[in-house]
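> Dropping a structure here in structure tokens format, bear with me for questions.
The values are calculated or read from the model by the stated rules, or taken from the named source; none is laboratory data. Keep in mind that this is a model prediction, so the values were computed, not measured. Because the Cβ atoms are built from the backbone with ideal geometry, glycine has one as well, and the counts that use them run over all protein chains shown.
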Amino acid sequence: MAKKKGQVRQIWRRLKKNRLSMFGLITLIIIVLAAIFADFIAPYPYDLQNYSVAKQFPSLEHPFGTDNYGRDIFSRVIYGTRVSLQIGFISLTAGALIGTIFGTVSGYFGGRTDTVIMRFTDILMSIPKVVLAIAIASTLGPGLVNAMIAVAISSIPNFARVARASTLTVRDQEYIEAARAIGAGNFRIIFRHILPNILAPIIVQATLGVGISIILAASLSFLGLGVEPPTPEWGAMLSAARTFIRDEWYMVLFPGLAIMLTVLALNLLGDGLRDALDPKLKT
């Protein structure tokens, strides 16, 4: 336990040295807090319509302006943070768990098991992520849960590849041979000895993958295959406002900035974690 705490402190110390990563971490914390406390931050309900102030430019009363239904865009962006992060984190977690298990099993057992799993993964990877997500969402139909399923399935191949490659590097290590020698079963070896030692690249992949998942979810909503109105979601807000982009440009500006800032924060944090978790950089 003391050794693990020491390793965590070393990782945190290296991460703190990266200013861009700390900026990403602080920005991400603010975004998450905004999602958690959206009920207190948003000045209006996200679905409150007031046609008397429709298409109003940003002002003190409506900092981000109002849409064509008179709904406060700032409130919808804040509530949309909750929806977009929910899709990103839940779908990514599901895809990471499934992909990591498949990749670890494939790398550990090898042979036909490896061939079957990796050829299936190759098929999924041969299809662009957006196209795969659109195909799945079109089959299942629009909706929050279906969007999560589509994004989760599209993220499985990357985690399977990363987990398999990491497993191949540790499965023949001495501590694995020692575990086999004392009679440890395959299940125990995989979950007790292999998975804890391949978490570093998976964590980095997950951090970077959340941003991709948010973009995928926004793309599905933009095409009408994701979250359905009036639920606020950044991609759906962009889709609804594209008709007014020439005259009421602010309708697309703020949801677009929310997507950009969130993905940027996740990418900066992911890059920092990749460097902090690299054993070659330990001091």
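> For Val170, work out the one condition from (1) exposed (fewer than 15 other Cβ atoms within 10 Å of the Cβ); (2) closer than 30 Å to Tyr108 by Cα; (3) free of Cβ contacts under 8 Å to residues at least 40 places away in the same chain it doesn't fulfil.
(1)
> Restricting the search to the stretch 248-265, which residues are out of contact with any Ser or Thr (no Cβ under 6 Å at 6 or more places or on another chain) and either touching a residue at least 24 places away in the same chain (Cβ under 8 Å) or among the aromatic types (Phe, Trp, Tyr) (or both)?
Hits for the stretch 248-265 are Glu248, Trp249, Tyr250, Met251, Phe254, Pro255, Ala258, Ile259, Leu261, Thr262, Val263, Leu264.
> Another question about this same structure. Return the residue satisfying two criteria in turn: it lies in the stretch 220-242 and is in contact (Cβ under 8 Å) with a residue 60 or more places away in the chain and either β-branched (Val, Ile, Thr) or out of contact with any helix residue (DSSP H, G or I) (no Cβ under 6 Å at 6 or more places or on another chain) (or both), and of such residues it is surrounded by the most Cβ atoms within 10 Å (Cβ to Cβ).
Applying the filter and picking the extreme gives Val227.
> Next question. May I ask you to list pairs of residues, at least six apart or on different chains, whose Cβ atoms are under 6 Å apart, with the first in the stretch 104-121 being surrounded by 20 or more Cβ atoms within 10 Å (Cβ to Cβ) and the second being of a type outside the set (A, V, I, L, M) and not in a helix (DSSP H, G or I)?
As it stands, the answer is Tyr108/Arg171, since those pairs meet every condition given.
> Moving on to the next point. Go through (1) modelled with pLDDT under 90; (2) in contact with a Pro (Cβ under 7 Å, 6 or more places away or on another chain) one by one and return the number of the condition Ile198 breaks.
Only one criterion in (1) modelled with pLDDT under 90; (2) in contact with a Pro (Cβ under 7 Å, 6 or more places away or on another chain) is unmet by Ile198, namely (2).
> Out of (1) surrounded by 17 or more Cβ atoms within 10 Å (Cβ to Cβ); (2) touching a Leu at 6+ places or on another chain (Cβ under 9 Å), what's the single condition that is false for Ala94?
With (1) surrounded by 17 or more Cβ atoms within 10 Å (Cβ to Cβ); (2) touching a Leu at 6+ places or on another chain (Cβ under 9 Å) applied to Ala94, the lone miss is (2).
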